[in-house]
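The next block holds one structure in the form of structure tokens; read it before the comments.
Here, each number is a calculation from the coordinates, and none is a lab measurement. This one's a predicted model, so the numbers in the text were calculated from it and none came from an experiment. Methodologically, a virtual Cβ is constructed for each residue, glycine included, from the backbone with ideal geometry; neighbour enumeration extends over all protein chains shown.
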Amino acid sequence: GLTDQQVDVVNKTITPGWKYQFSETWSVLMELSYSDIMYDQPLLDGYNNAEVVKFTDRTNKSASATLEYSFTEKDSLSLLASAANNNQVVSENKFLERGELCDNFSDCYGTYGFFTNSVSVASDIDVEIKSKTWQLGYEHQFSEISSIGINAGKYKSDEITNERRHFFDTALGNELAVDTWNTTPREQVATVYNLMYQYTGYTSQVSFNMSRDRIASSTGGTDDVESAKIIFRGEVTERYTWSIDVNAERRLPDKIAVAVRSVEDSTRINAVPTLHYKLDEDWSMSLGYRYSKLDTKNIEQPGEANAVFFTMSWREPKLLSTN
């Protein structure tokens, strides 16, 4: 939906976790996460060879702790606290005429000696977002096969933007000047929540999840993301199983983000039916189909994608202990 061509992305992620059970009623879960995401740049319009979408390379580091207390056999409370640091890098190139230069910089002619007719400006924009999230959760077990849960809390972040501009004479190609500036931290506060229902039968499973969160965007800044997901799983035999995943997601971009933004509100729908086959206790394989549709507010034609995928999985055998 954002572009008429394939966009390659490399995502490197590691998420270690550790859980400790203090007693039958108290436990704590600690998790760390690091991800490095890089996009192909630049992205060109197939019609006029002009850049239409800016994707931002970014790294994200986070840490979270969840304290859980079971006050009955069927009811439990949880407290989640997390902190994250997100760094985004955006590169932008544009041309400014003589009249536009003084609109952007005071006394630009006298300061930088701009007497050329036009200037090329290459900007490197670095955005750092430091965020904290607090959530309180409650979970109730209706029976051995069904449960419901809710988490709700606050998201708070400070965003700092640094920009370094390089000015080039478009006729001669030589660099005229370098200008650097940054912004004061911009605070954002949002309400986040997560609703969950799960049913686990003898040969079938159903899970439903609805949430609202604030996450880093592929086009810079952060987005409010509202999503709903439902998963069906069934067992044909001990070796053959199937699953159908359907999810809908609505993104509401930050309208005043300093980073380059080229998209508006968007809605994405994914449907993924998959067949699974268990080879033995440790090995399994899956064959699936994925349909995606992206509808973006400022783009007339929605984007659609189809994919067939094959997965081979290996599970490390459980360690045996003897007394």
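Measuring against 30 Å, Cα to Cα, the residue pairs Lys154/Lys278; Lys61/Lys278; Lys156/Lys297 contain Lys154/Lys278; Lys61/Lys278 as the ones spanning a longer distance.
With a Förster radius of 51 Å applied to the beta-carbon distance between Ser23 and Ile231, the computed FRET efficiency rounds to 0.95.
Distance between the 7 Å Cα→Cβ label points at Leu252 and Phe142: 3.0 nm. Between Asn11 and Ser204, residue separation times 0.36 nm minus the direct Cα-Cα distance comes to 66.2 nm.
For the pair Asn306 and Asp75, label points projected 7 Å from Cα toward Cβ lie 5.1 nm apart.
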